[in-house]
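Scroll down for the structure; my scribbles are underneath it.
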């Protein structure tokens, strides 16, 4: 069941990414006093959550899942789309590998944060966290777009056309 829900998340993400592709560079990187400062940084932060919790914590496929500030400043919308594609691969791997043990606790330290102590979470918790985290920050990006004078596209799953419910 989670696979279908994630497809809806990806569809609504694409709506937002398509709109963000239309803003100019100044708008894309304009810093606000909330969220992750800019549209660009917020999008990177959303994808980074999937990389950290799924790619690193659950799958142990990376020990440095988060980008540096310098790396972030170089990223354009197509680079961010690629970062999300890797996040999608992590989601697919988690769903495939852990479908029969979705609620078994994984206990370990965070590879990307020294002295984090032991963290105890299930793949199910972290997958749901990553998806709800994305919608939280998509809301902030919608506010940023509105403050820039744009009308944000509807990124609510309920806003998907019936034909899009594949």
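Would you say residue 51 is under 16 Å from the mean Cα position of the chain (by Cα) and closer than 28 Å to residue 120 by Cβ?
Working: under 16 Å from the mean Cα position of the chain (by Cα): yes; closer than 28 Å to residue 120 by Cβ: yes.
Yes: the conditions hold for residue 51.
Of all helices (runs of 4 or more DSSP H) completely enclosed by region 3-99, which ones contain at least 2 residues that are surrounded by 13 or more Cβ atoms within 10 Å (Cβ to Cβ) and touching a residue at least 40 places away in the same chain (Cβ under 8 Å)?
Details: elements: 25-29, 39-50, 69-74, 77-98.
It comes to 25-29, 39-50, 77-98.
Looking at 29, 122, can you tell me which residue is modelled with pLDDT of 95 or more, touching a helix residue (DSSP H, G or I) at 6+ places or on another chain (Cβ under 9 Å) and within 30 Å of residue 152 (Cα to Cα)? Step through it out loud before you land on a result.
Working: 122 fails: within 30 Å of residue 152 (Cα to Cα).
Unique residue meeting the criteria: 29.
What residue, among those in region 102-127 that are in contact (Cβ under 8 Å) with a residue 12 or more places away in the chain and in a helix (DSSP H, G or I), is surrounded by the fewest Cβ atoms within 10 Å (Cβ to Cβ)?
Keep residues of region 102-127 that are in contact (Cβ under 8 Å) with a residue 12 or more places away in the chain, which gives 102-108, 110-112, 119-124, 126-127.
This time we only want the ones that are in a helix (DSSP H, G or I), so: 123-124, 126-127.
On the way: 123: 24, 124: 15, 126: 22, 127: 23.
Applying the filter and picking the extreme gives 124.
Within region 148-163, is even one residue in a helix (DSSP H, G or I), under 21 Å from residue 43 (Cβ atoms) and over 18 Å from the mean Cα position of the chain (by Cα)?
Residues of region 148-163 that are in a helix (DSSP H, G or I), as a first pass: 157-159, 162-163.
After this cut, where a residue has to be under 21 Å from residue 43 (Cβ atoms) as well, the list is 157, 159.
Next, only the ones that are over 18 Å from the mean Cα position of the chain (by Cα) stay: 159.
Yes, the conditions are met somewhere in region 148-163.
The values are calculated or read from the model by the stated rules, or taken from the named source; none is laboratory data. These numbers come from a predicted model, not from an experiment. Cβ: placed from backbone, ideal geometry, glycine included. Neighbour counts: every protein chain shown.
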